[in-house]
1. Would you mind stating whether Gly70 is in a helix (DSSP H, G or I), in contact with a Gly (Cβ under 7 Å, 6 or more places away or on another chain) and either touching a residue at least 12 places away in the same chain (Cβ under 8 Å) or open to solvent by less than 60 Å² (accessible area, probe 1.4 Å) (or both)?
2. From the set of residues in segment 74-83 that are near ligand 1 (Cβ under 10 Å from one of its atoms) and open to solvent by 10 Å² or more (accessible area, probe 1.4 Å), which is farthest from Thr7 (Cα to Cα)?
3. Which condition from (1) near ligand 1 (Cβ under 9 Å from one of its atoms); (2) under 18 Å from the mean Cα position of the chain (by Cα) is the one that Gln47 breaks?
4. Looking only at residues in segment 131-159 that are out of contact with any strand residue (DSSP E or B) (no Cβ under 6 Å at 6 or more places or on another chain) and among the hydroxyl-bearing types (Ser, Thr, Tyr), which one is most open to solvent (accessible area, probe 1.4 Å)?
5. Could you say whether any residue in segment 226-248 is small (Gly, Ala, Ser), closer than 21 Å to Ile66 by Cα and out of contact with any His (no Cβ under 8 Å at 6 or more places or on another chain)?
6. Could you pull out the residue among Asp64, Asp32 that is open to solvent by 40 Å² or more (accessible area, probe 1.4 Å) and either of a type in the set (Ser, Thr, Tyr) or under 24 Å from Gln154 (Cβ atoms) (or both)?
7. Would you check which residues across segment 91-106 are open to solvent by 10 Å² or more (accessible area, probe 1.4 Å) and either under 24 Å from Gly203 (Cα atoms) or not acidic (Asp, Glu) (or both) and list them?
8. Of the numbered conditions (1) in contact (Cβ under 8 Å) with a residue 60 or more places away in the chain; (2) within 23 Å of Ser215 (Cα to Cα), His171 satisfies every one except a single condition; which is it?
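The values are calculated or read from the model by the stated rules, or taken from the named source; none is laboratory data. On a predicted model such as this, the values are computed, not experimentally measured, just so you know. Neighbour counts are summed over all protein chains in view; Cβ atoms, including those assigned to glycine, are modelled from backbone coordinates with ideal geometry. These accessible areas exclude ligands, DNA and RNA; they are computed on the full protein's heavy atoms, side chains included. Shrake-Rupley method; radii C 1.70, N 1.55, O 1.52, S 1.80 Å.
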Amino acid sequence: MKRLLITGAAGGVGKVMRTRLAHMAETVRLSDIAPMDPAGPNEEVVQCDLADAAAVMDLVDGCDGIVHLGGVSVERPFAQILKGNIEGVYNLYEAARAHGMPRIVFASSNHVVGFHRQDSHLQATDPVMPDGLYGVSKCFGEAMASMYHSKFGQETAIVRIGSCFPKPVNHRMLGTWMSYDDFVSMIEAIFRAPMLGCPIIWGISNNDVTWWDNSAARYLGWRPKDNSETYRAELDAAGPPPPVDDPASVYQGGAFTQDPILKE
Ligand code: NAI
Ligand code: 15L
């Protein structure tokens, strides 16, 4: 690619992808509402709010790929979610439509299915069961991706990320963890694919514990390599798993299912 846009570049995953995806384009354009480190070689840094339609229109101009990580990433009051995850996604897709429909990786979340139980084995086509306003906003993003694909042919990989951190930090994450290495290789596969369409991909490593079936996305050639089992002994040593009737053990979304509807 000539120019790859990464939104959410000041965030936990974005900071990692800033360096790990640098090889994928001649120039990487980094954006966030929060301040970022100054541009290095082959980088552009653009601070903007995803809710600012004109700014997002300019942001996407000249990009031939987008990794969309920006937005509210946990349960928050609706006003915040509305800006980052509803208006922001609309602005991004409208900007993409105006600027040649660059392929998009959309960071969705396991919280679109958070109220499914951990003893269910889900396909991407199973009904959503969001566990909060945040999960609902990611359902909106997925629906936008689907609609822009059906109506205009815009290609998006909808990645329902489980837990993308250096390592799993609790027993639930044995089922949800995705390593940074596996996310990088997934993004490489998404941009390498001759035809992408608009698949839903479960963003998980090659974990022994799994609630999600990724076989429908095998055509991308992505094969995750890491396994959360590597960390089980470490987690056990830190403390026992939560009781079997604890939401963290019952629901795929874990503790998110217990979040209240937050007010300002
Ligand atoms: P994060 O919260 O660390 O990063 C998100 C970034 O988006 C932040 O730097 C924030 O400043 C920016 N942002 C928020 N509102 C914005 C707005 N209105 N305009 C522009 N930028 C805005 O989240 P993280 O962990 O890096 O996740 C990245 C993406 O992946 C998020 O979309 C999140 O929902 C999704 N995701 C992450 C998971 C994980 O395990 N890290 C799991 C599931 C989904
Ligand atoms: C998410 O969607 C969040 O963005 C992330 O911070 C984690 O909480 C993750 O889900 C998870 O479920 O572990």
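1. Criteria not met by Gly70.
2. Only one residue fits best here, namely Arg76.
3. (2)
4. Among residues in segment 131-159 that are out of contact with any strand residue (DSSP E or B) (no Cβ under 6 Å at 6 or more places or on another chain) and among the hydroxyl-bearing types (Ser, Thr, Tyr), the one most open to solvent (accessible area, probe 1.4 Å) is Ser150.
5. No, that holds for no residue.
6. Asp64
7. Asn91, Arg97, Ala98, His99, Gly100, Met101, Arg103, listed by residue number.
8. Single failed check for His171: (2).
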